[in-house]
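K.L.:
Structure incoming, see below.
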Amino acid sequence: MQLGLEGRRALVTGASSGLGLACAQALAAEGAAVAIAARSAERLAAAAATIPGDVVQIVADVSSPEAVDAMVAAAGDALGGVDILIANAGGPPPGNFADTDVDMYEPALRLNLLSTVAMCKATVPAMRERGWGRVVAITSISVREPIDRLILSNTARAGLTGFLKTLAREVAGDGVTVNSLQPGLHVTERLTSLYGDVDATDAGLPSRLGDPADFGQIAAFLCSDAAKFVTGAAIPVDGGASHGLQ
């Protein structure tokens, strides 16, 4: 299937590993020009080596609004603009209500909510002017079923989902789609850091742990012309782990 991404310009954050890197790889394979951003220059360079074509590397901490503005400006200068935004960031520390102090919520909100708001503020107006744009945010299946001991992530990503749904309705008429993907357990560094070595049986999955490459293909499809009527969606990618009907 031709996704129609040749010549499109994509910015992918949190792209030095895991799901963000998989999205960048999938978009580049479809012919998009790609800029990747993360906090570590060394890890970015290693990631870029796995992506076909010339890849723009931008060191940035998306929890800082000023850094987001500089990152988007750098991507725009290098690519000539940003048509596609894959908004991704690492997760906050684990914890439950009792052991999570109030002052820990603000950094989590900056990382997993306000960072994407800032990225959309910096990219969506130009997408609307051009009459074409794609925003795909990577959130978590915890938006549907909160995960034990991830109260910060549960809270921030649920708020982000509300923002994305609202934005999607405001910009749909301008050719810009806004969607989120809700990953379950994939074979990534984040999974290992939270749970150590785990398999599908340990995690209660009816199938297997997710492959980041498959996740990247789903993100690329949402960025395609074929997906132009899909907007405001929050799509679980969890191997059937969630029990809810919605």
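No value in this document is a laboratory result; all are computed from the given coordinates. All values reported here derive from a predicted model rather than from experimental measurement. All Cβ positions, even for glycine, are placed from backbone atoms using ideal geometry, and neighbour counts span all protein chains on display.
K.L.:
Which order do the peptides 32-39, 104-111 come out in when sorted by mean C-beta neighbours inside 10 angstrom, highest first?
P.N.:
The most tightly packed comes first, giving 32-39, 104-111.
K.L.:
Classify the stretch 1-119 as rounded, prolate or oblate, taking a ≥ b ≥ c as the square roots of the eigenvalues of its Cα gyration tensor: rounded when a/c is under 1.5, otherwise prolate if a/b is larger than b/c and oblate if not.
P.N.:
Judged from the Cα gyration tensor, the stretch 1-119 comes out prolate (a/c at least 1.5, a/b above b/c).
K.L.:
Separate question: Order 165-174, 54-63 from most to least packed using the mean count of other Cβ atoms within 10 Å. Walk me through the intermediate numbers first.
P.N.:
Working: 165-174: 14.9, 54-63: 19.0.
Highest mean packing first, the order is 54-63, 165-174.
K.L.:
Between the helical axis of 115-130 and the dominant principal axis of the chain, each derived from Cα atoms, what acute angle in degrees is found, rounded to the nearest 10?
P.N.:
For 115-130 against the chain, the angle is about 30 degrees.
K.L.:
I've got another one for you. On the first, second and third principal axes, largest extent first, how far apart are the outermost C-alpha atoms of the chain in Å?
P.N.:
For the chain, the Cα spread along each principal axis is 47, 40, 39 Å.
K.L.:
I'd like the orientation of helix 65-79 relative to the chain: the angle between its Cα long axis and the longest Cα principal axis, in ° from 0 to 90, rounded to 10.
P.N.:
With both axes taken from Cα atoms, the answer is about 40 degrees.
K.L.:
How far is helix 212-222 tilted off the main Cα axis of the chain, in degrees rounded to 10, range 0 to 90?
P.N.:
Taking the Cα atoms of the chain, the angle to 212-222 is about 50 degrees.
K.L.:
Return the loop-located GluC sites (Glu not before Pro) in the stretch 1-93 (DSSP other than H, G, I, E, B) with at most 11 other Cβ atoms within 10 Å of their own Cβ; answer none if there are none. Could the numbers behind the result be given before it?
P.N.:
On the way: sites: GLU6, GLU30, GLU42, GLU66; in loops: GLU6, GLU30.
Loop-located and lightly packed - GLU6.
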